[in-house]
């Protein structure tokens, strides 16, 4: 049935559908026609693949390179297959700098943090309600505390950890110079496997978009050791890094993605959480 449906969507015969990898939502396949190869992501019935398609389309409106969407339903997402090419780290850093500085130059008319609809990070929903002009309040109320409560409800962190995180969030205004931050469009989950390189340059996949401090994405790159210090130097030429980036932003902005990892995969990631809280003297 899926073969027939995809053939109708593409107006081409489907030669083969082969297993490619296991995704967070479900199995991912390669779809072959006589002229092209596509990626087919699958999941149990939900809105998550439609949300992913909407995020990719939104990013593409600003001419930021992302895979083209061909079809999306509650159970599958058909999109362009990105043929990666082997390039030097230096070339990758140049391409990545261009894409990310362009992405982070995009803001919104309201100058509020969040997004126009809720999005997903991996399999978890992100509440993007746009009620905050204050970045610190958004980071605490819409990111760190809700994810901490998920971790607590799943039995991965105790009440004392939740209280420490609440204490951190109450004092964010003392740690971050809010006057230097304006809402930038973020990828939101910029691990090293979510930025690909083809013949045309860098391309973003698996976004978790919202408007926030652009250095959130930079900390994700730093966490996953995606690029060398050269990338940060090149990026700094376009968007200067804040003076407290390494001392404050790096440990602080790791808290939310680490909590996501704890919520999804359990207490193995608690040591990293504890280390960052100690760096922040919490």
Checked the range 52-93 for anything touching a strand residue (DSSP E or B) at 6+ places or on another chain (Cβ under 7 Å) and part of a helix (DSSP H, G or I); matches are 52, 53, 55, 56, 57, 59, 92
List pairs: first residue in the range 170-181 and assigned by TED's automatic domain parsing to the domain that holds residue 251 and within 11 Å of residue 213 (Cβ to Cβ), second residue exposed (fewer than 14 other Cβ atoms within 10 Å of the Cβ) and modelled with pLDDT of 90 or more anywhere in the structure, Cβ distance under 9 angstrom, at least six positions apart or on different chains.
177/243; 180/243
Taking the range 23-51 only, how many residues are farther than 18 Å from residue 82 by Cβ and either without any contact (Cβ under 8 Å) to a residue 12 or more places away in the chain or part of a helix (DSSP H, G or I) (or both)?
3
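A quick yes/no check of all residues on (1) touching a residue at least 40 places away in the same chain (Cβ under 8 Å); (2) farther than 22 Å from residue 150 by Cα:
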site	(1), (2)
239	yes, yes
242	yes, yes
250	no, yes
256	yes, no
259	yes, no
269	no, no
272	no, no
276	no, no
279	no, yes
Of 216, 250, the only residue that is under 26 Å from residue 108 (Cα atoms), in contact with a strand residue (DSSP E or B) (Cβ under 8 Å, 6 or more places away or on another chain) and assigned to a helix (DSSP H, G or I) is 216
Would you be able to tell me the number of residues in the range 230-254 that are in contact with a helix residue (DSSP H, G or I) (Cβ under 6 Å, 6 or more places away or on another chain) and closer than 25 Å to residue 119 by Cα?
5
Of the residues in the range 141-168, how many are surrounded by fewer than 22 Cβ atoms within 10 Å (Cβ to Cβ), closer than 20 Å to residue 114 by Cβ and without any contact (Cβ under 8 Å) to a residue 40 or more places away in the chain?
4
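The values are calculated or read from the model by the stated rules, or taken from the named source; none is laboratory data. Keep in mind it's a predicted model, so treat the numbers as computed, not measured. Positions of Cβ are generated from backbone atoms using ideal geometry, with glycine treated the same way; all protein chains shown enter the neighbour counts.
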